[in-house]
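Just below is one structure, and these are the notes that go with it.
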Amino acid sequence: MRKVSSAFPMRFEVSFSFLAVLGFLICTDRDGNALMCLLACVLHEAGHLAVMLAEKMPPSLVVFYGGGIHICGGSTSPAAVSAGVITNILIFLVFGLIPWEDEKIRLFGVINLLIAAFNLLPIGELDGKLMLEKALIKAFPPEKAMRYSDICGKVALLLVLPAAVTLVFSGYLNFSAVTFFFFLMGVEILEKI
């Protein structure tokens, strides 16, 4: 862990689990789709960081770990929270909807749309949960808002897991996607213990 510069107060940390997952993907991904997913995730987080820096409220730490990229601290304004999803949707509009000759370019757009949809889930550390909590706190007392947010997260998991399993068996998703959803469910359960 080291500071990049005094003008750029964020620290970046790369864990071994991130390098292990990246190495595994490079060795097993023959089509380059995993690297496009990684690029879409990095662009998502760059959207958050751009708004946080524009608001002069940068995070203290950005952690690359086996489950993704986590921004610690920084602005939690609605603009900063939604910036990652908006970035992915804009990329989808440019790369996914325009009839490019190369299918890989269109696939990159669709991957960005899927990353945006995934991050809108009201589960764990995803943007959707923070957006939902902010909206609920405006409508209800904080205790009720948190309870409603927890209920929404559990309902989302109950809907997403069977859908993911169905997509795996019909050939639209790979097994690692379902494994990641079970990981999210485990994180939700461990947070309550």
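Values for this structure:
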item	result
Rounded D (µm²/s) - the stretch 1-119, Kirkwood Rh over Cα pairs, Stokes-Einstein at 4 °C, 1.567 mPa s	85 µm²/s
Near-label residues of the stretch 53-90 by backbone N, under 14 Å of a point 7 Å along Cα→Cβ of Phe16	66
The stretch 1-119: relative contact order in percent, alpha carbon pairs under 8 Å with at least 6 residues between	25 percent
Sequence-distant residues sharing a close amide H with Arg11 (under 5 Å, placed H)	Leu61, Val62
Amide H within-cut-off set for Leu120, under 5 Å, with H built and near neighbours excluded	Gly128
Additional length obtainable on full extension of the chain from Met57 to Ala135, 0.36 nm per residue less Cα span	25.9 nm
Karplus-derived HN-Hα couplings along the stretch 98-105 (A = 6.51, B = -1.76, C = 1.60, θ = phi - 60°), whole Hz, x at Gly and Pro	6, x, 5, 5, 7, 5, 4, 5
Karplus-derived HN-Hα couplings along the stretch 71-79 (A = 6.51, B = -1.76, C = 1.60, θ = phi - 60°), whole Hz, x at Gly and Pro	9, 9, x, x, 5, 10, 5, x, 5
Computed lengthening from Lys154 to Leu97, 0.36 nm per intervening residue step minus Cα-Cα distance	17.2 nm
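Read-outs throughout are calculated quantities, based only on the coordinates presented, and are distinct from any laboratory measurement. The structure displayed is predicted, hence computed values, not measured ones. Methodologically, a virtual Cβ is constructed for each residue, glycine included, from the backbone with ideal geometry; neighbour enumeration extends over all protein chains shown.
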